[in-house]
Each structure stands twice: as C-alpha cells, then as structure tokens.
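Worksheet for the structure shown next.
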Amino acid sequence: MRVQWSIAGILPLALGVICTPALSQQPTAQLVREVVYNELRDHQLHGYWRYWIEQHTPKETWREEQVETADGPLTRLVLENGHPLDAASLQTEQTRLDHLLNSPEDQARLRQEHSDDEKRIGRVLALLPDAFIYEDAGQENGCYHLRFHPNPGYPPHSIEARIFHAMRGELWIDTRFKHLVRLDGQLQENVDFGFGILGRLYKGGWFRLERTQLSATDWKTERLEVHIGGRAMLFKTIARETSEVRGGFAPVPNRLSLTQGANLLFQTQSPVTTAQIKSAAFVPLR
C-alpha cells in the first residue's frame, strides 16, 4: 500500500520519537483536526520518490526497490532472505515488468489499485477527529503525545471504520508542522462481520506506523508493523504478520511514466547497502 504520510535512513528506536520543538499547546481535538487537514492537503502536493522497502514475515524476508510514477508505484524485487536474486529470478522480474509495460489491462489494474489505496488512506485519516476521544499525554522529545480511545457517540458506517473504531492507542504529532509522526493502535475487542458468521478479527491485534519528513510537503512511512489475527467464513484462519522498513529516499522527476520508472529501476542502483538495511530491521515490541 502506498502511504503518504528524507531524512534518509531510520530514526534509532533507542532515542524514541524525534520531532521539532513544539511552538505551543492547543486543545487536542483542534490539533488532530488540523493534522488531518494538513495530511490531506499536502498529499495533493506530494513529490515523487524512489526508496527501498524491506519486509519481514515469520517465514521470510524480502527487499524491493520502488519508484513512484504517475500511474502508481513500480517495484522490483532485489533480495530474498538477505540474498541477491539469481539469474532466473532476475529474469522473472524483468519479464514481469515487461509484461506490465505491454499490457493495457495490467496498467489499468495498477492505476485502479493505486487510486483505491489513496482513497482508503483518505477515509481512514478522516476518521481520526471524530471517531476517538483524545487525552493529553504531555510532550516527548518535542512531540505532542496523545492517547485515544473510541468515541462512544461515533457511529461507524463501514468495515474500515468498525475496525479502526474498535482500537485504542497513542499518537505523536510534530506540533511545529502539525503532521503525524507515529500512530499506535490495538484492538480492544473482537470485531465480528455478519454476527461472527462471516468472520472475526481477534482482540489484541495491533499496528504501529512511523513517518519521517522528506520535504516541505512530503512525509513518508519509514516503519510499519501489523500483527492482526482472526478467522473468515468456514473457520479459515486469517492473519497479517508483517514488519516493514523503508529508507534510502531519493527524489525522482514528477509524474514519471511506467516505462521511465522501469528504466530507472534497472539502470541505477540504490545507494543503501544490504548491511544498512539489515541493521534497520524492525523488531516487534509486543
């Protein structure tokens, strides 16, 4: 999922969340509303970037290079379980991208998926001001720190809203630029679909999102943790166990075509080494 929320590299966890010094405090509800406004406004003005993404699951690890284009993000697999791709796998990646560049149907699908992701992000952000009640938790390294829990008066009208509204957690805001820096959430109860017949997400599932500023209007996700389990119809187990780290952010020309993006992926190498990526691996904290 393309999340627009560089300082190239990863902020050391040992230092906590680092933000610019706060200018002043203000009512929490107003602050959250301004943050959402800024996120949605700046999202329309964003630049385009290239970066690496390393994902860790319980069974495997892989690294991709990603370039943002006008039609959506374009990716190339470069490492599997810490090892470079062999010749056959490299050819598979080349063939996959060649097929995309020559398939109007696949290009249309990429554009639609990208558009759907962007709309989903907007819907989730729009929930923040009204779906929760916020409590001031003070300041932490210059960030405004808030705790939140579900607003009992808020009526969730979609599956996304029901899942998000069932969480409580914490968020950190850069109060100088009024952008979201970190968001933690945990399900406080099971979330049933079709009275539990169609599916259920289990209480205790959690996520963490950390972001960093790249430019005046660009904030990007640099860490994402998702650890949620449940079951679907006929008792099929569903689970999402992912740790994702992003880095090596470098600007690219605005609105590249898919062909230009693919050429960039294959003609140049990322400046970030495998050792640096491994050292940035995110360890689950729960």
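The values are calculated or read from the model by the stated rules, or taken from the named source; none is laboratory data. As the structure is a prediction and not an experimental result, all values here were calculated from the model. Using ideal geometry, Cβ is built from the backbone for each residue, glycine included, and neighbour counts are taken over all protein chains shown.
How many residues, within segment 128-175, are of a type in the set (A, V, I, L, M) and more than 19 Å from E210 (Cα to Cα)?
Adding up the residues that qualify gives 6.
Return the total of residues in segment 182-228 being outside any strand (DSSP E or B) and not aliphatic (A, V, I, L, M).
13
Quick check, is Y202 under 28 Å from I53 (Cβ atoms) and surrounded by fewer than 20 Cβ atoms within 10 Å (Cβ to Cβ)?
yes
Considering only segment 127-143, I want to know if a residue exists there that is within 25 Å of D218 (Cβ to Cβ) and among the polar types (S, T, N, Q).
yes
Quickly run through segment 51-60 and pick out the residues that are modelled with pLDDT of 95 or more, crowded, with 17+ Cβ neighbours inside 10 Å and out of contact with any helix residue (DSSP H, G or I) (no Cβ under 9 Å at 6 or more places or on another chain).
Y51, I53, listed by residue number.
Which of the following residues is assigned to a helix (DSSP H, G or I) and modelled with pLDDT of 95 or more: Q30, Q66, Q94, Q107?
Matching residue, one of Q30, Q66, Q94, Q107: Q107.
Test E189 against the criterion of being within 26 Å of F132 (Cα to Cα), charged (D, E, K, R) and surrounded by fewer than 15 Cβ atoms within 10 Å (Cβ to Cβ), and give yes or no.
Yes.
Restricting attention to segment 62-116, which residues are over 21 Å from R246 (Cα atoms) and within 16 Å of the chain's Cα centre (by Cα)?
S115, D116 - these are the residues of segment 62-116 that are over 21 Å from R246 (Cα atoms) and within 16 Å of the chain's Cα centre (by Cα).
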